[in-house]
Amino acid sequence: ARVLADEPPAARPVSSSSASDAVPFYGRHQAGITTPAQDRLHFVAFDVTTTERAELVDLLQEWTAAAARMTQGRDAGAFGAVGGAPEAPPDDTGEALGLPASGLTLTVGFGPSLFDERFGLAGRRPPALADLPAFAGDGLLPEISGGDICVQACAHDPQVAVHAIRNLARIGFGRVTVRYSQLGFGRTSSTSRTQATPRNLMGFKDGTNNLKLEDTAMLRDHLWAAPGDGPAWMDGGAYLVTRKIRMHIETWDRAPLAEQEAIFGRDKGEGAPLTGKAEFDEPDFAKTGLGGEPVIPRDAHVRLAHPTSHGGARLLRRGYNYVDGSDGLGRLDAGLFFMAYQRDPRRQFVPVQQALAATDPLNEYIKHVSSGLFACPPGVVDASDHWGRALFA
Ligand SMILES: C=CC1=C(C)c2cc3[nH]c(cc4nc(cc5[nH]c(cc1n2)c(C)c5CCC(=O)O)C(CCC(=O)O)=C4C)c(C)c3C=C
Ligand SMILES: [Fe+2]
């Protein structure tokens, strides 16, 4: 359980439940990318309001220290929610007191807008952080798109994820403002072969053919930025694309089962390709049925998005279901907060999304309403390191 004061981690009770375990914060890569996807998300994008580079670096140092603590189930600051001076606001907001680490990961990313003239970073922008092109059918809202810095908080307990983002926003007061944030309540991807594949709000298993942490060679080829890819400060990092995709759920719910399955190219029960029986059967895109038509339709989502359609390009998808209440017109405001990590969006997300935007029959039932692109640096290696150290060096 979370402790009241600055107690060393070794003194804290160890839980045998993986849902309450702490995920290591320090490492070569940031946690929260290949970490088996937790159940809950609170994603935030900040605009930087200070114009002082030194203030921004100070903030990144303070954030890193707080993130290192909170991910280990500790208060955001050394005094904690109730251990400080009564005359001062507490250095932790308190709603996670008594809660375990809950698998919390905090993953930071830097958006293209950070690399303008404000902080002297224009020459340090990675070529792979090129603005995404406009895609057919986009309905992007600027106020919930972009952002200078993002933090993805994932945990098994929503209170723990929200607590983490709230405390980072509190620490950032006067230096950053929250541009937008998004809660997600059910993972829509597996990122490990130990996890069962979850379902999205259309009722389909989502994340079957995803990059997974056990695929070491593919992670090297498709996920982590490597020396020579771009600036050295990104070596060991990855690029994140976020898309908030609203679903016209009520319309979808009136579509026949056979049409739903043809749209994805998989069956709804097992998640098997329409040419197979079990979820992990390889799809046979060449197989034809009645009238010589392919069994997996030419425009099926899984055919359009499959690596064989894009020179082998793969994504590590890590999205979440969301419901933001209803829209006042009797419809659920619901969908998928899509997140995908990759080595270079120009060769991975962009061509896949171009293909989907052009002919995916799913488009009748969805609308992309927000978009984000972020360079997520490599991991913080130890307590002397901090988020963005190599970028600002
Ligand atoms: C640009 C990338 C993608 C977007 C945007 C996207 C949106 C989206 N996807 C689903 C549901 C499913 N997607 C599935 C597979 C799949 N999707 C993408 C990419 C994007 N999806 C890829 C690369 C793949 C894997 C394709 C393959 O190699 O077979 C599936 C099938 C199960 C699976 O493998 O995950 C489903 C279901 C929704 C609902 C959606 C937007 C709302
Ligand atoms: Fe998809």
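Annotations for the structure displayed:
- Rough spin-label spacing in nm, given labels placed 7 Å along Cα→Cβ, for Arg331 and Thr51: 4.3
- Taken as entire DSSP H runs, the helices of the chain that both span 24 Å or more between Cα atoms along their own long axis and average -0.5 or more on the Kyte-Doolittle scale are 53-70.
- Linear extension gain, Arg254 paired with Ala130, 0.36 nm per residue minus alpha-carbon span: 40.7 nm
- Whole-angstrom gap from the range 234-267 to the range 40-58, using each part's C-alpha centre: 30
- Computed over the range 19-392, relative contact order equals 25 percent, with contacts defined as Cα pairs under 8 Å that lie 6+ residues apart.
- Between the range 117-135 and the range 327-373, the Cα center-to-center distance that results, in Å: 22
- Proximal charge balance of Gly276 [Cβ under 10 Å; K/R count +1, D/E count -1]: -3
- With Rh defined as the Kirkwood radius, the inverse of the mean 1/r over Cα pairs, the Rg/Rh of the range 202-359 is 1.00.
- Highest-MSF residue in the chain out of Asp267, Asp344, Asp229 [GNM, Cα springs under 10 Å]: Asp229
- Stretchable slack from Arg170 to Arg118, in nm (0.36 nm times residue separation minus alpha-carbon distance): 16.4 nm
- Computed P(r) (all Cα pairs; the range 19-392; 10 Å bins; percent): 5, 24, 33, 24, 11, 3, 1, 0
- Lysine pairs in the chain with Cα atoms under 15 Å, if 8 or more residues apart or on separate chains: 5
- When Arg220, Arg118, Arg343 are arranged by Cβ crowding within 10 Å, least crowded first, meaning fewest neighbours, the order is Arg220, Arg118, Arg343.
- In this structure, the amide hydrogen of Ser370, modeled 1.01 Å from its nitrogen in the peptide plane, lies closer than 5 angstrom to those of Leu141, Lys244, counting only residues at least 5 positions away or on a different chain.
- Computed over the chain, the per-residue total of -39500 (n - 2.57) for DSSP H runs of n ≥ 4 gives a 222 nm mean residue ellipticity of -5000 deg cm²/dmol, rounded to 500.
- Taking Leu304, Leu129, Leu329 in turn, the Gaussian network model of the chain (Cα-Cα springs below 10 Å) assigns the largest fluctuation to Leu329.
- Legend: calculated FRET efficiency, Val381 to Ala226, from the Cβ-Cβ distance at R0 = 22 Å, rounded to 0.05, equals 0.80.
- Whole-Hz ³J(HN,Hα) from phi, Karplus 6.51 cos²θ - 1.76 cosθ + 1.60, for the range 230-243, glycine and proline x: x, x, 4, 5, 9, 4, x, x, 7, 9, 10, 10, 10, 9
- Net lengthening on full extension, Glu214/Ala393 (0.36 nm per residue, minus Cα-Cα): 61.1 nm
- Among Ala164, Ala305, Ala134: highest mean-square fluctuation, GNM of the chain, C-alpha pairs under 10 Å: Ala134
Laboratory data are not the source of any read-out in this text; all were calculated from the coordinates shown. Please read these numbers as outputs of a predicted model, since none were measured by experiment. So basically every Cβ, Gly included, is an ideal-geometry build from the backbone, and we count neighbours across all protein chains shown.
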